[in-house]
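Structure first, then comments.
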Amino acid sequence: MTDTAAAPPEVTTARKSRLHLALRKPGFLVGATIIGMSILFAVMPGIFAPYDPNFIDYTAVRQAPSWEHPFGTDMLGRDSLSRVIHAYTVNMQMAVLATVFALTIGVTVGALVGYYRGVADMIFGRVVDAIITFPFLVLVIAVVAVLGPGLINMYIAITVVGWVYYARLMRAEVIAQMGNDYASAGIVMGYSDRRIIFRHLLPNAITPVVVYWMTDMALAILLGSSLGYLGLGAQPPQAEWGVLIAEGRNFITTAWWLSLMPGIAIVLTGLGFSLIGDGLADLLRPRG
């Protein structure tokens, strides 16, 4: 008996219809467009930024938005648009690196705990209770305070705290999938535990986790920007949205654009990830 079989024509047709339905949703298309542009800005900022983000021009200090500087300039005469665009590299990196390790660890632990249950499940439950008792941001700040400010330590802190949320979701999905006939059939046929978990249960249980991941990327950008604002994340003169907002807070009444423009970038990027998550939820939701 083979592991997999070709999908029936009706299943393939249903998948195609779901994809067409998702692509026709305005929200999904808007989200995909926003994230697509964000990725372009992050990968090739030099193509879109009109100036060097760190070029200092004391003759153009805190100039209001104009044709020459659409987002104005900062307290050192640096072009704000160029700094906001170059910040995409750091903030999109945050969205990925601050979540991918938590995702990997959480999915693995959740799948194993959901499959074996028993003592491992009891220990996991106590660990989850201990972590989620405290606010997420407070724990992350505490870990960063111990390790020291910087992006790498921020990624470590978010991973240390964030994996439990992925693990808890994956555990619940694996337990639900264990009630299906294919899981029982795999056990009866003598398949190894690793084969059942990672080749049968995990692919069928991963959908809600992927949808949650999209939302978590938006939260990671917001969290990373918050830590940058507090001086615990990216450090000046590196262009990062939280750092840019912090630099402009003392000039909010005279140079409002310094904090407003990176704030808009945060909102738009977070909205893009949220809209893609909603679209994926509709695309991957089981149909009766």
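Extension gain, MET75-ILE39: 0.36 nm per intervening residue step, less the Cα-Cα distance, totals 10.1 nm. Distance between the pseudo-spin-label points of ALA32 and ILE264 (7 Å out from Cα toward the beta carbon): 2.6 nm.
Principal axis extents of the Cα atoms in the stretch 172-286, from largest to smallest and rounded to whole angstrom, are 72, 28, 17.
Sorted into 10 angstrom bins from 0, the C-alpha pair distances of the stretch 29-99 split as 21, 42, 28, 9, 0 percent.
Axis of helix 151-178 versus longest Cα principal axis of the chain: the two differ by about 30°, to the nearest ten degrees.
If R0 is taken as 25 Å, the Cβ-Cβ distance between ARG195 and VAL128 corresponds to a FRET efficiency of 0.40.
Does anyone have the angle between helix 26-43 and the longest principal axis of the chain? Alpha-carbon axes, 0 to 90°, nearest 10? Tilt of helix 26-43: around 60 degrees. With both labels modelled 7 Å from their Cα along Cα-to-Cβ, the LEU271 to LYS25 distance reads 1.7 nm. The residues neighbouring PRO237, those whose beta-carbon lies less than 13 Å from its own, together hold a net charge of -2 under the Lys/Arg +1, Asp/Glu -1 convention.
Based on every Cα atom in the chain, Rg and the maximum pairwise Cα distance Dmax equal 22.7, 77 Å.
Along the chain, counting only trypsin sites (Lys or Arg not before Pro) with a DSSP assignment other than H, G, I, E or B and at most 16 other Cβ atoms inside a 10 Å radius, the longest segment between sites is 118-286. Could you calculate the FRET efficiency of VAL61 with MET178 from 1/(1 + (r/R0)^6), where r is the beta carbon distance between them and R0 is 51 Å, rounded to 0.05? Working from the Cβ atoms, E equals 0.20. Cα centroids of the stretch 42-115 and the stretch 229-257: 12 Å apart. Compactness of the stretch 77-164 was expressed as the Cα radius of gyration divided by 2.2 N^0.38 Å, which yields 1.40. For the stretch 69-85, backbone phi angles converted through the Karplus equation (6.51, -1.76, 1.60; θ = phi - 60°) give residue-by-residue couplings of 10, x, 9, x, 10, 9, 5, 10, x, 6, 6, 5, 4, 5, 6, 5, 5 Hz, Gly and Pro being listed as x. Ligands, DNA and RNA left out, the accessible area of the stretch 192-244 computed with a 1.4 Å probe is 62% carbon and sulfur. Per-residue surface analysis assigns TYR51 an accessible area of about 80 Å², computed on protein heavy atoms at 1.4 Å probe radius.
Starting from 0.36 nm per residue, how many nanometres of slack lie between VAL96 and LEU137 once their C-alpha separation is accounted for? Here the segment from VAL96 to LEU137 would lengthen by 13.0 nm.
The values are calculated or read from the model by the stated rules, or taken from the named source; none is laboratory data. On a predicted model such as this, the values are computed, not experimentally measured, just so you know. Neighbour counts are summed over all protein chains in view; Cβ atoms, including those assigned to glycine, are modelled from backbone coordinates with ideal geometry. In case anyone asks, the SASA skips ligands and DNA or RNA and just uses the protein heavy atoms, side chains included. Shrake-Rupley method; radii C 1.70, N 1.55, O 1.52, S 1.80 Å.
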